[in-house]
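Notes follow once the structure below has been shown.
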Amino acid sequence: MRYTLLLYSDETLFASMTDEDRQQSLMVFGEFIKQLRQAGALVDTDWLQPGSMTTRVSMQNGEVRVQDGPFVDSRDQLGGYFVIDVPDLDAALAWAGKCPAARFGTIEVRPSGMPPGGNPYAA
Amino acid sequence: MPPDSRRDPVSGARAVVEEVARRSYGRLVARIAGRTRNIALAEDLLAHALERALAVWPERGVPASPEAWLLTAARNKWLDELRSSQVRQRAEADILTGAALSSADSAGSDTGSLPDDRLKLMFVCAHPAIDPAVRAPLMLQTVLGLPVRTIASAYLLPSPALSQRLVRAKRKILESPIRFEIPGRCEIGPRLADVLEAIYGAFSIGCDGSPGSAWMCHEALYLCDLLISLLPREPECWGLLALMSYKQARAPAETDPSGTYVPVSGQDPAMWCADALRRGAGALQRAAALAGPGRFQIEAALQAGHMEGRMTGATDWPAILYLYDILGQIAPTAGQAVARANAAGEVEGPAAGLAALQEIPAAFANRFQAFFAVRAYWRARSGDLVLAAEDYEKSISLCTDLPVRRWLHQQLRALAS
């Protein structure tokens, strides 16, 4: 079963990171990613640039509208995600609990809504 | 080539500054913070004093008592800052305390006679008003002078996240204010337990096997030694030293060459660290002589019991069950409940083990990997291989530790054969 871990944290914390801080963060998450991979649970992960780098796209009056800027002005922003494949919710929660982001932010664990085997019409 | 102060005064003085900073950082921060009541300011003042030393010592030579010199430099900087600050009245009062700082410290000619305020600093760091998660990092930074980034890596935290918490904790200490003092007789028990807990927390993180945190075991042992030197008559300090020593002794035997976890019952005692083992046994004896039982002594005795059992080939399970029962009365945890049930199985057979597991509250058992691993074992021992396999599967799915996962897979495969 696939679960997506959505990582939210106060992005002002990371606003003025030095290169060394950035390397250190990569190392901390790298260790976790390695463990997920070795357990055969890792599907995908990414680290997102700050909310201020967001571009919004929507269709309005038949035209594609592109807007600059974050949708919500909140300190806690989506900063990254993990997609993992584990047997059940308990296992997903165990991994979320081990994720470094749980130590400084909040993780939302969402089960996949996709039918088993993926979207049949996309084949 | 080591720096030679006779030939090269600059690198010679730098080496002395670095050596003093390494040896006396915590002592100096504790001393200054004890007077200024402000840890962040104490760190800044000491950093300034160390900078001054780098500039002055190469020219004028290293002073007879480098620590006293640094304290005076820190105090002068503090007085400068107070004089230029807006709040005159407050400053006057502080200058008086500043004078006290200098007169008390200039009397000392070396660190031996410098009053040691590190114990007060440790009590401040582990104060009940400070977030338990930040107590050990705060000690590692202020008492041992370790860089934030190094501590953050061990705690698997991005360093800005840890910096923010340390700054917040120091502000809380300053503004609450939390007093720099050793708690009184009736308060010291629980307060000391908090200090020991923080040190043990740091040790456990060092043991978790991630490459950025192994050094923490060593530093936690150092903090415990320091605590014992300052409070030699507290049995639980010795108990913690014993517990950490036994665990440290066993660490080299805990994973096999394939990276699979090895439980004590399968370890090779020849791989245990003999020095750490001796230190553990000695500390446990010292604790017992002080006649004040406590959680860490019981946990240390349990380690000793398991390891002696492995060495002699005959584990005294009734004694171990008894110790887990006592531990459950003073410090009930999910780990203790599961280990107790396992011991009950060893003493009275699989049915008793399974019954004891059944009694563990769901809040402890649910999603606890060790619960399912132990239940799998006793289900297998009672012949219920299908349910045992289910439990091993569940345990594996909950396990985020690779060596233990491999061991669980091994147990699962062994069921089939």
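Summary table below
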| read-out | value |
| --- | --- |
| Note, ³J(HN,Hα) from phi for region B:178-187, Karplus 6.51, -1.76, 1.60, rounded to Hz, x at Gly and Pro | 9, 7, 7, 7, 7, x, x, 3, 7, 9 |
| Computed [θ] at 222 nm, deg cm²/dmol, chain B (DSSP H ≥ 4; -39,500 (n - 2.57); rounded to nearest 500) | -23500 deg cm²/dmol |
| Separation of alpha-carbon centers, region B:179-205 and region B:270-325, rounded to whole Å | 23 Å |
| Helix-only [θ]222 nm of chain A, DSSP H runs n ≥ 4, -39500 (n - 2.57) each, per residue, nearest 500 | -8000 deg cm²/dmol |
| Cut-off under 5 Å, modelled amide H: who pairs with A:V43 long-range | A:V83, A:I84, A:D85 |
| For region B:15-22, Karplus couplings with θ = phi - 60° (6.51, -1.76, 1.60), whole Hz, Gly/Pro x | 4, 5, 4, 4, 5, 5, 4, 5 |
| Volume per residue that the Cα convex hull of chain B spans, once the total is divided by residue count, Å³ | 176 Å³ |
| Per-pair calculated FRET efficiency, R0 = 30 Å: B:D80 and B:R185 via Cβ, rounded to 0.05 | 0.15 |
| Order of B:E236, A:E20, B:E254 - criterion: other Cβ atoms within 10 Å of each residue's Cβ, fewest first | A:E20, B:E254, B:E236 |
| C-alpha long axis of helix B:402-416 to longest principal axis of chain B, angle in ° | 0 degrees |
| Largest to smallest principal axis extent of the C-alpha atoms in the protein assembly as shown, angstrom | 81, 78, 51 |
| Ordering of B:337-349, B:258-270 by burial proxy (mean other Cβ atoms within 10 Å per residue, highest first) | B:337-349, B:258-270 |
| DSSP-assigned coil residues among trypsin sites (Lys or Arg not before Pro) in region B:160-198, each with at most 10 further Cβ atoms within 10 Å | B:R185 |
| Neighbouring partner chain Cβ atoms per residue of B:272-282, average, 10 Å criterion | 0 |
| B:D225 versus B:V10: modelled label distance in nm, points set 7 Å from Cα along the beta carbon direction | 3.5 nm |
| In Hz, Karplus ³J(HN,Hα) per residue of region B:342-357 (6.51, -1.76, 1.60; θ = phi - 60°; x = Gly, Pro) | 4, 5, 4, x, 5, 7, 10, x, x, 4, 5, x, 5, 5, 5, 5 |
| When each of B:K77/B:K172; A:K34/B:K247; B:K120/B:K172; B:K120/B:K247 is checked by Cα-Cα distance, pairs over 21 Å | B:K77/B:K172; A:K34/B:K247; B:K120/B:K247 |
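Only the coordinates and a few stated rules stand behind these numbers; no lab work does. Not measured: the values here are computed from a predicted model. Here Cβ is always computed from backbone atoms with ideal geometry, including for glycine, and neighbour counts include all displayed protein chains.
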